Every structure is written in C-alpha cells, then in structure tokens.
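The values are calculated or read from the model by the stated rules, or taken from the named source; none is laboratory data. A quick note: this is a predicted structure, and the numbers were derived from the prediction, not measured. Note: ideal-geometry Cβ built from the backbone for every residue, glycine included; neighbour counts use all protein chains shown. For accessibility, only protein heavy atoms count, side chains too; no ligands or nucleic acids. Shrake-Rupley method; radii C 1.70, N 1.55, O 1.52, S 1.80 Å.
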Amino acid sequence: MTNEELKTKIESDFKDKVLSATISAQKELIVVVKPESYLFVCQGLRDKSEYAFQHLSCQTAVDYPKENKITVVCHLWSYKYGHQITIKLDVDRANPKAPTLENIWKSANWFEREVFDLYGVIFEGHSDLRRIMMPEDYTKFPLRKDFADDGFIIKPN
Amino acid sequence: MLSGENIVKSVSDLLHQLYAMVGLSAFKGVLDPIVAAHVMFGFISVFVMFLVWMERKVSAHMQSRIGPNRVGIFGLLQTVADAIKLTIKEDIKPVHRDKIPYYIAPIIAFVATFAGMVVIPFDKGMVVQDLNIGLLYIIAITSFTVIAILSAGWSSNNKFALLGGFRSAAQIVSYEVPLVLSLVPVIMMTGTLRLGGIVEYQSQNHWFVLYQFIAFFIFITSATAEANRAPFDIPEAESELIGGFHTEYSGVKFAMFFLGEYIAVIVSSAVAVTVFLGGWLPPFAFLAFVPGFIWFMIKLLLVIYLVMAFRWTFPRLRVDQLMDFGWKVLIPVAILNILVTGFCVLFFGKGV
Amino acid sequence: MANVLFYLIAGVIIGSAFLAITLRNLFHCALFLALTMFGVSGIFLYLNSEFLAAVQVLIYVGAVTVLIIFGIMLTRNVMDEKTRVMNGQVFLALVVAAAMMAISFAAMNKSVFKTNDHPMAAVSASPDQSQASPSTHTDVYSLGPELIRPEKGFAFAFEFVSILLLSALVGAIVIARKDPA
Amino acid sequence: MTDLLLSQIKVNDESQFGTDDYVVNLGPQHPATHGVLRLIVKLDGETVKETIPVLGYLHRSIEKICENRTYPQCITYTDRVDYVSAMSVNLAFALATERLMGLEAPPRAQWLRMIFVELQRLASHLLWMGAFAGDIGALTPFLYGLRERERILDLFEMTCGQRLTYNYIRIGGVMIDILPEFVPKCRAFLDYFEPKIAEYEDLLTYNPIFLERTKGVGVITPEVGINAGVCGPSLRGSGVSCDVRKQQPYLFYDQVKFNECLETAGDCWSRYKVRMRELRESVSLIRQCLDRLEPGPIETKLPPVLKAPPASEIYSRIESSRGEMGIYLVGDGTVKPWKCKYRCASFNNTYVLDQLTRGWKIADIMAVLGSLDMIVPEVDR
C-alpha cells in the first residue's frame, strides 16, 4: 500500500476522527487526530489487519510555544506491510493532558514517562507516571522551549 | 641421597643442637611443631605468591595477552608488589559493621585452610604431623571456612555480602558431601585415613586415579566448589554480587581472604595429588632418583594448573544449577561408586 | 601441664556455652555455639579420640552450626534486632536442664571408664607408636568393626539410627516442599 | 502551572516495599550493569520478584543540546549517544538531515558509509560478546573480542584519526576519503577475522555451562517483543523479521546480498546466536561493498554555511548495531533543528527487562541484561 492509498483509506475509515492527513515533502504520511478519538484511532491502526501497525517505533513530543501547544508525536511501523505513519495529537500547553497509549503498545510506558519527564505532558491512565531521567525532586520540564537553566549555580544564602 | 626424609632429619638434628645450646631441650615437643608451622607458613606464603603470579600468567596466555612482566624477571615480583600495596593501603571499614565477627572472619578463613596443610606429606617423612585421621582432619578443619564466610557476609552489613554468605553456606555444605563421599572408596581400599599410609598403599599398587577415576573427577569438581573457584565461584560472583562476602573488606583483611582461597586450592590439590596421584611417588620406577618432594610439587602444580584452566574457560553456573549438579549428579554417582568399590573390595579381597 | 590444658579447654567450653545462651545478638550466640563445639572436640582430642574429635568438628561446626546461622540469617533482618534472652518458659527449661544434668551424672557414675595415666602421650606420639598400643587408643580401623559387626551388638542400633535419620530427611523434604498447587 | 504538574509526580517510595522483600540495588556502580544503570531488584531469597530500572544517571540532555546547535554541529553529539557504535548514530543523523533537506550523498560516500557502519557493527558485536560472556562468568572471551575489535579500531583510526567518537559520517557524505592502503588492509582484516568467529563459537556456543545459563532464559515471545518495542538482534532472536536494512532499505542495502539472521526460541542463547551469525553476514557485506567501491567524490558540494533545511519534519530509521535507531527531526527553517529526538534501541530493550526476569534468579538478570546488548548512554542520552 502506498502512502496515498493509506491516506485515503485512513481518511475514509476514521472520517470524523482525523483533523488532517497530509503527505509531507519527505513522503511521510502525517495524521493529526482529534484528542477525543486519539485512543480509538491508535487502537484501530494496530488491530485492523489492513493496517497492522504493531510497532510503536517512537513516541515523543514537540513544543510550539507560539501556537501554545505541545504536539505528542507517535511513529508507527508495520512489520507486516512495511509502512510507516506519523500520528500527532495537539495538547494545550498550559494544561497538557493526553490519554495513554500504554494499553495499546506496552512500549509507550517508557516513552510517555520520558515525554512527561521532559515536557510535562500528563498521560491519563498511565500506570507508572514518574520521572524517568531527571531527578525525582526536579521541578522543571527541560525540553520545553521556555526552559531556562539556572540549576548549576548554587546561590549563597 | 637427597630425599625429604633426610632433609627433615638433618634440619631437626640441627634444631635440637640449637635447643641444647640455649638450654631448651626440655621443650622439644612444644618447639618442634612451632618451628614446623613457621616453616610451613613461610613456604605457603612464597608458594601463594608464586601461584598468584602463575594464575595471572596462565590467564594471560589463555587470553592471548602477556600478563605481568614489569616487576622483576618475568614479572615474578608482581605479587610481592601487590602484597605490599595491600598491606599499606587504607583500611576501609563499614561504619555499621558487627565488629568482632568482622575482624575474626578473615583470620578464621586463613587459619582454617592453613591448618589443613599440617598433614600434607610432601615426601616420605616430610610432613608436619602425619595424623592418624589425616584425611578426616583436613575435611573437618577446612569446614571452618564456612563460618568465616558467613561471619564476613553477616558482619559487613551489606546486602551483597549477605547474599554471598548465603550462597557460600549452601554451596559448601552441599559440596562437602560429595567431597567426602569421593574419598570413601579410597579409604575402603587402603583401610587407613593417614595420608602417608594412602601413598604407601599406592607404592605397592597403582595410583588411585587408575582405580578411582570417577572419584578423582568428583573430588576435583567438589574441591573447586569448596574453594569457591570458578565455575563455582557464585559466593563472590562479581557480575552479580560484586565481591560477595568480601565486598566490604580491604587491605590486609582482604589479603587474608585471598590467601585463604589460594591455600584452599593448594590443600585440595595436595589432597588430590596425595590420594589419587601417588603423592611423592615417581610416575615410573626408573625415575626414582629424583627426590619425592620434587615429584610432589610437579604433580601439585599440574593439578593447580588444571583448576586454573577451569576458571579461565568456563562461564559461571547459576546458584540453583550448582545445587542441582551437586545433589542430583555428584552425590548419586559418588554413592554408586562407593557401592561398586565395596563389592569389589568384598569379592576381590582388597583392604579390610 | 596436661591438667592445665584440660581446665583451659573446659573453661572455654563453659564460658562460650554461657555466652551462647545469654548474648542478645543471635548471630553472636551461634558463633559461640561453634566455639563450644570446637572446645568439646578439644576434650575429645585430650581423651585420645581423634576420630570423634574430627567428626565433632565436621558435623557440629561444619554442618549444624552453619545451618543454625543460615536459619538466623534467613529469618532475621540484618543486625537490627536483638532477641529477648528469657521468656516465660525459663523455669521449665531450668527444671529440664537440671534433670538432664542429674541423668548425665547418674550415667557417668554407673559407667566404667578405661582410664589412662598419660592422656596426652598418644596425641603427640608418632602414628607408629600409637598403633602399637591399640588398647589405649580408639583407632579408626578398629572403630568400624565395633560398629558394624553383628556380634558386637551395635549393628542393630547403627541401622536403626540410620533409618531414623533417613525418615527424618524424607520428612524434612516433605515439609519443606512447596505445594505444587 | 508547575505546581499543578508537580502534584502529579509520583516519587520512588521506598516504603512501598513490603518487609519481606529483600531489596537490592544493582548499580549505579556495579560491575555488571555496563555503565551507570541502576536496577532496584526485589528478591525473595535468590528469586527475583521485580526489577525496576532507574534511568538517568547518564542523562546528558543531548536532545536539548542539539536544539541549540546547527545541524553539522549535532553530528559531534551523536557520537556520544552510543559510544560503542558511534558510526551508526553518525549515519542515522546524517541520513535524517539529508532526507530532510532532500540531499543525496554520492555513491562512493554511500559505499564508504556502509563499510564503516558494518565494521562498526562487527566491533560492537565483538564487545557485546565479551561483555555478555563476562556477565555470566566467562572472562576469557572478552579479551578475544577486544583483540579483534582493536584491529577494527585501527582501521577507523587510519581513516578518521579517532578510535571511539569518529565524527566521520557527515551530512552529504563522509569526512575524508580513505587512504589507498585501506582497502587491502580491510580485506586482510576480514580474511584474518573470519576464522576467528569459529574460535569464539568453539569457546562459547556449545559450552555446556553456557548453554545451561542461556538456553530458555529470558524468553521474549514475538508478541511481547513487538508490543514492548524490542528491536534489532534481540527481537530477531524471537523470529521476527525486523531488520530495517531489509524493511526500509537505506544507503545501498538493497543492492547487496545478505541474509537477515533469525532464530526462533527468543531466549538469551538465540540472541547470542543471532549476533554471532550477524558477524558473518557483516563480513560478507563488507566484502561486497569493497568490491563495489569506485572512485568518485565523497561529499556533495555544500555551501560553506549550510542552507537551512525547510520547515518540515522527518522520522528516519536505520539499523544500528543494537537495533532500530530512529531520528525524529523537526526543522523550523533555521539552521538549527527545532526538535531532535533520538529513538534508541537500548531504551526499548531495557524496558522488557522486568518482564523477562521475574521469577528467575538474580544471576539471570545479568544474563538477560547482557543478552539485550544494552548501552546506558543510549538509554539515557
């Protein structure tokens, strides 16, 4: 299945669940989903045999402070057909909440912990949402663009 | 002729003259063992240093590298340098240690194995004390090492050390059984526990390794396990337990454990040589002009080399596999071996 | 000289036995128990029973005490807990101990011991000499027939004990085994 | 806002462990964790009840740093992401940037990249073999592995002057052309190396203790493996065809012949065998590349100051020594990436550790951890 066919198929299968489906200049299929149907779309992409995206290759987030949003990005890969898709979900920057994909792909557990750790996106329903890389008592989310590091200077009292 | 017996005789004559000169002849019975123990200690210290060097060279050659070659000729003094380093380095102690067991553990570990050397006959008559129950004595006295290891594991107040102690206790208690069982057929055939007597029996017959190859194999295997050597070194498995029971020891105290381990190797190899490989006897009669203690040392080094070769070629067994191997393979085979030997002794009339 | 040695060993035994039951750290108790056992083997050695001494060390120090220590380590947290030395059964225990002592004394009084004028002589003597005087010296070689030969009368007891131990072993395995369900 | 988020943060609470658990910290300083990985292991005697990996001890915020560097500058940092297999990460980043910019490196550069990446795979697998054998107590293979790895590093040093962090594969090509004597030396190495693989196999593969320790231990079923994102040789040990070189060919991997090594059992031994077979495949791959190597430019002509890539995004994957290595780049039209995410194989491979070790002995943690070929900087970045 080429990306174009995949695009039309997704547009018809998930008609009112998808905000946009585009093919980028780099020939990657990028699908932006509506927040409320995020889980449904992901579940469908994994379980329907004509998609068979069994592999959550990568999950991360991108911070867009100008548009006041953080985009959660998932890259899926199908071992069966060898096609790739990018799923995007925009969340509010001030109150970043997204449903967890942990029950669909186990690998999302750590990916989401990492996104939480570095961007502060709260994945609702996650079984073990703790900081994964930064210290437990760390108070900032370093990959956000407005992150300012004053951590290394110990100020005299 | 140069033989162990003559050397011992002339040395003791010299000593007794010395006693007479300072007027201590009356205490001959007390002083003789003390001197003998010191001689043995000196020998063991030098020999262990040589063995450590040898182990490093053996491992180096097996791993296609050179090994120590800087200190002294062929790096022979490397171990001396290491020993000096160990003695002068800072002694790091855990704060919440259990003081008395923490300090006595290395001492017991060293003394218990060292005491085993007392009954090893290096040549005919060249032995500190050829006890009547020599074999049993070695097994009994070396079983103290378990207490040392358990004390070390417990008193270090370290979880890895404690786990190492657990493992060691389980391992040594388990492997003591096949170790003793593998020696029983030999005792049945010779009818004595005296190590000198066992060698004398072999001088009339063949070496026991020919009669009792299975027992020899079981003995070497369980002796390796008793000495906590790879592939049975799970009490100190460095990839899991860091240093095991001696994680928290440094300096001289660590050196004592280290020394104890090497002496355990020497003792068990010496027992293997004495019991299975004819002790001080030459392999062929026409080679008898070479003194017995030289034959003994050659055989001893060969057996130790074998133990070293195990260490540098095998991976480490897992703790439950180790137990399975001991209880489900070695012990049944050893018991079967005893039964077969018993029948042979009964029907072909050797021994009792 | 020989008596001094005896009192020394006896002192060690009694002292370490006392410490073994009074110390509050169970692990230390076990260590002193090992020392007691070792002392007892010293007494055996003093009585020319080399075999018994070695077996005493092998079994009681090498196996029994080790298992006790093993048990302590498995059931206790590392060094953070002290045990009570006494509990409600202390008087009962005293009565039992006294009774045991009385029985032992009675048994000792009734038994006839072969005494030996120079107990330390055989220990330091060379093996050839000790074999020359088998009457004063329990040799391993003579110990076996004593135990096994039917006419000596110990064979039944020996076999009985081994069957008892075997059944104890099987029982222990049955108890220790986890329910497969 | 921060307070709101902080209230959500759960902290490692030591009191959650029951009194009966024997909790052991393996690491961050521990001889078997290949760096500074910390594992909190709950034990019942020797049996593992739970393994909790605690990451972050080697976190150097490479992703954040890359957001503040230009694309060519980032290459230097990719070396540090996986220092055992730095060439692969170099390549991953260079390829991602080229795809983002719509560039194509000249053929000679492509072949050179393949040669070096495959050599790197050999070096990485050799080190892995030694470390894995060392983890289960056999110390000798480590030295054997390093002996040959040393000669590979010599080849690297000859070409780019570095032995660990190469910075060799650049955007649009490679840093420098190989020396004339490289090809014969490389061939001589391959001829020397191929029989050595049999030597390793003699030492380990059918060693009874090695079999005892690895066979049936830490089984990854294909379903669990795929779902948990395991990748690379670790997943191929379970019989899942997941080689990016086959699935999504990059460079000239579609023009050379090689087999994807698959084993079916999914235990530590299968993973070991997959990697051992990959050694042979890589040797044959390098030979083919050396045959096809033709003179030509090694770099596309780029302006001295790099043209800014378009405001677009790319997710580009390669097969590194450890498995799938993905780079997610988001350009914003400036010379610096807006977002640069490294998707590393070790990160996902470490995640399954808990599942694989439950109910096994503490020694099996080492065997499983070793067999997954985990590199801490890749986990933490």
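Tabulated data for the structure shown
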read-out: FRET efficiency, D:ASN259 to A:PHE40 (Cβ-Cβ, R0 45 Å, nearest 0.05); value: 0.65
read-out: Surface accessible to a 1.4 Å probe, A:ARG46 within the full protein complex, Å²; value: 60 Å²
read-out: Spin-label model distance (nm) - C:ALA157 vs D:ARG147, 7 Å beyond Cα toward Cβ; value: 6.5 nm
read-out: Heavy atoms of C:HIS28 accessible to a 1.4 Å probe, total area in Å² rounded to 10; value: 40 Å²
read-out: Protein heavy-atom accessible area occluded, B/D pair - total, 1.4 Å probe, Å²; value: 2600 Å²
read-out: For chain D, calculated [θ]222 nm from helices alone, where every DSSP H run of n ≥ 4 adds -39500 (n - 2.57); value: -14500 deg cm²/dmol
read-out: Accessible surface ranking that places the most exposed of D:LYS339, D:LYS273, B:LYS93 first, with a 1.4 angstrom probe; value: B:LYS93, D:LYS273, D:LYS339
read-out: q = 0.11, 0.16 Å⁻¹, the range A:3-100: log10 I(q)/I(0) [Debye, one scatterer per Cα]; value: -0.30, -0.64
read-out: Label-point gap, in nm, between B:VAL35 and A:LYS69 - each point 7 angstrom along Cα→Cβ; value: 9.8 nm
read-out: Residues B:SER250 and C:VAL112, FRET efficiency given R0 of 51 Å [Cβ-Cβ distance, rounded to 0.05]; value: 0.35
read-out: Coarse-grained scattering of the protein assembly as shown at q = 0.04, 0.05, 0.06, 0.09 Å⁻¹, given as base-10 log I(q)/I(0) from a Debye sum over alpha-carbon atoms; value: -0.28, -0.43, -0.59, -1.07
read-out: Solvent-accessible area buried by pairing B with C, both sides, nearest 100 square angstrom, 1.4 angstrom probe; value: 2900 Å²
read-out: Estimated 222 nm signal from helices in chain B, with DSSP H stretches of n ≥ 4 weighted -39500 (n - 2.57), rounded to 500; value: -22500 deg cm²/dmol
read-out: Accessible area per residue, Å², the protein assembly as shown with all protein chains present, probe 1.4 Å; value: 43 Å²
read-out: Per residue Cα convex hull volume in Å³ - calculated over the range B:256-352; value: 162 Å³
read-out: The range B:4-348 - percent of accessible surface contributed by carbon and sulfur, probe 1.4 Å; value: 74 percent
read-out: Proximal lysines relative to B:LYS57, as straight alpha-carbon distance under 28 Å, when same-chain residues fewer than 8 apart are discounted; value: B:LYS85, B:LYS89, B:LYS253, B:LYS299, D:LYS196
read-out: Accessible surface of the range A:3-100 [probe 1.4 Å, protein heavy atoms]: carbon and sulfur percent; value: 51 percent
read-out: Two-site label geometry, B:VAL11 and B:HIS96: point separation in nm, points 7 Å out along Cα→Cβ; value: 5.0 nm
read-out: Calculated FRET value between D:ASP354 and B:ALA288, using beta carbons and R₀ = 56 Å, to 0.05; value: 0.30
read-out: Entries in B:LYS159/D:LYS361; A:LYS27/A:LYS97; A:LYS34/D:LYS336 that, when Cα-Cα distance is taken, lie over 18 Å; value: A:LYS27/A:LYS97; A:LYS34/D:LYS336
read-out: Cut-off 19 Å, label 7 Å out along Cα→Cβ of A:THR2, residues of the range A:16-43 by amide N; value: A:21-31
read-out: Gained length - D:ALA188 relative to D:TYR83, 0.36 nm times residue gap less alpha-carbon distance; value: 35.2 nm
read-out: Pairwise burial A:D, computed as accessible area of each alone minus the pair, summed, 1.4 Å, Å²; value: 4600 Å²
read-out: Buried on assembly, the range D:67-107 (at least 30 Å² less accessible surface than by itself, 1.4 Å probe); value: D:GLU67
